[in-house]
1. Please work out which residue is farthest from V112 (Cα to Cα), limiting yourself to the stretch 191-206 and to residues that are within 12 Å of the ligand (Cβ to nearest atom) and of a type in the set (K, R).
2. Does L26 satisfy the condition of being more than 14 Å from the ligand (Cβ to nearest atom), of a type in the set (A, V, I, L, M, F, W, C), part of a helix (DSSP H, G or I) and within 17 Å of the chain's Cα centre (by Cα)?
3. Quick one: how many residues across the stretch 68-94 are under 15 Å from A37 (Cα atoms), among the hydrophobic types (A, V, I, L, M, F, W, C) and assigned to a helix (DSSP H, G or I)?
4. For the stretch 170-190, which positions are within 7 Å of the ligand (Cβ to nearest atom), part of a loop (DSSP other than H, G, I, E, B) and touching a helix residue (DSSP H, G or I) at 6+ places or on another chain (Cβ under 8 Å)?
5. Would you mention how many residues in the stretch 1-25 are of a type in the set (D, E, K, R) and touching a strand residue (DSSP E or B) at 6+ places or on another chain (Cβ under 9 Å)?
6. Which one is surrounded by the fewest Cβ atoms within 10 Å (Cβ to Cβ) among residues in the stretch 220-242 that are more than 13 Å from the ligand (Cβ to nearest atom) and part of a helix (DSSP H, G or I)?
7. E217 versus (1) modelled with pLDDT under 95; (2) within 11 Å of the ligand (Cβ to nearest atom): which is the lone unmet condition?
8. Only one of (1) within 12 Å of the ligand (Cβ to nearest atom); (2) at positive phi; (3) open to solvent by less than 20 Å² (accessible area, probe 1.4 Å) fails for G245. Which number is that?
Amino acid sequence: MPDFRDNVAIVTGGSRGIGREICLKLAAGGATVLACARDADRLRETATAAADQQLPGRIVTQALDVTDSQIVEKWVEAMAEEFGRIDILVNNAGITADGLVMNMTDEQFDNVIQTNLKAVFLLTREVGKVMVRARRGRIINITSVSGIMGNPGQANYAASKAGVIGLTKSVAKELAKRGVTCNAVAPGFIKTDMTSVLSEKVKEGVRPLIPLQRFGEPEEVAAVVAFLASTEASYINGQIVVVDGGLHM
Ligand code: NDP
């Protein structure tokens, strides 16, 4: 388990699925985790789980929408002021609004781009200022194999996740000389609310394509994020780490 004592981490989308496990993993290493999501009640359950498990770190929650530029700016400023530092940023919040491209509405396209791509930019801009001042930081963006391979029915989602890959590499090149690294993790099919809505037919169609023959667990993504956030990953920058059981290779 990497040591995150004294570290302060921001995790977006910390209430459920992969983000929840990332929060718990970082708190297990001793971090103070500042977690956000829109649903305050679900978010508080993550903090309660950390307390129940008597983890050495703690989870501080804030209900907010990551697509709101002004709210994000104010929150990051307030957190930097209160905690004095932000060492780790995990841009995890994400949504899907699937549909075939010729039936896809403007709203479906825009909502997914706003949440999955624009918000990554907003958080990176605001937290980046704090990290550059400290000459230290780790930014980890959650992209997807859809952003690498494309996926029918996910033109909006795949475009947003491919955008995150371009953003990750640009930020990695811009901020490295100021002591900040930026990497991405690209999960394949992971068991969360996001994939639970898929029909059994779709799931059974995908499973044989995965060499490990199973969907991944959120913990298996969180473990990679924790590694990238740790001092052990000091020479890794601008990389896309695929966590998909071998689906894409
Ligand atoms: P879930 O749907 O389980 O959780 C999504 C999280 O994001 C929730 O905490 C949700 O909380 C939060 N969120 C969504 N929109 C916003 C918003 N506007 N502002 C703040 N928080 C928001 O998804 P997963 O855990 O499955 O996915 C996590 C990340 O991993 C996403 O980026 C996803 O694209 C990516 N991913 C997932 C894969 C999978 O198979 N599950 C595969 C590849 C990538 P709330 O709704 O309360 O706001």
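The values are calculated or read from the model by the stated rules, or taken from the named source; none is laboratory data. Quick caveat: nothing in here was measured; it's all calculated off a predicted structure. Neighbour counts run over all protein chains shown; Cβ positions are idealised from the backbone, glycine included. All accessible areas refer to the heavy atoms of the entire protein, side chains included, with ligands and DNA or RNA removed. Shrake-Rupley method; radii C 1.70, N 1.55, O 1.52, S 1.80 Å.
1. K203
2. It is true that L26 is more than 14 Å from the ligand (Cβ to nearest atom), of a type in the set (A, V, I, L, M, F, W, C), part of a helix (DSSP H, G or I) and within 17 Å of the chain's Cα centre (by Cα).
3. The total comes to 4.
4. F189 - this is the single residue of the stretch 170-190 that is within 7 Å of the ligand (Cβ to nearest atom), part of a loop (DSSP other than H, G, I, E, B) and touching a helix residue (DSSP H, G or I) at 6+ places or on another chain (Cβ under 8 Å).
5. Counting residues in the stretch 1-25 that are of a type in the set (D, E, K, R) and touching a strand residue (DSSP E or B) at 6+ places or on another chain (Cβ under 9 Å) gives 3.
6. Of everything passing the filter in the stretch 220-242, T231 is surrounded by the fewest Cβ atoms within 10 Å (Cβ to Cβ).
7. Every listed condition holds for E217 apart from (1).
8. Going through the list (1) within 12 Å of the ligand (Cβ to nearest atom); (2) at positive phi; (3) open to solvent by less than 20 Å² (accessible area, probe 1.4 Å), G245 breaks only (3).
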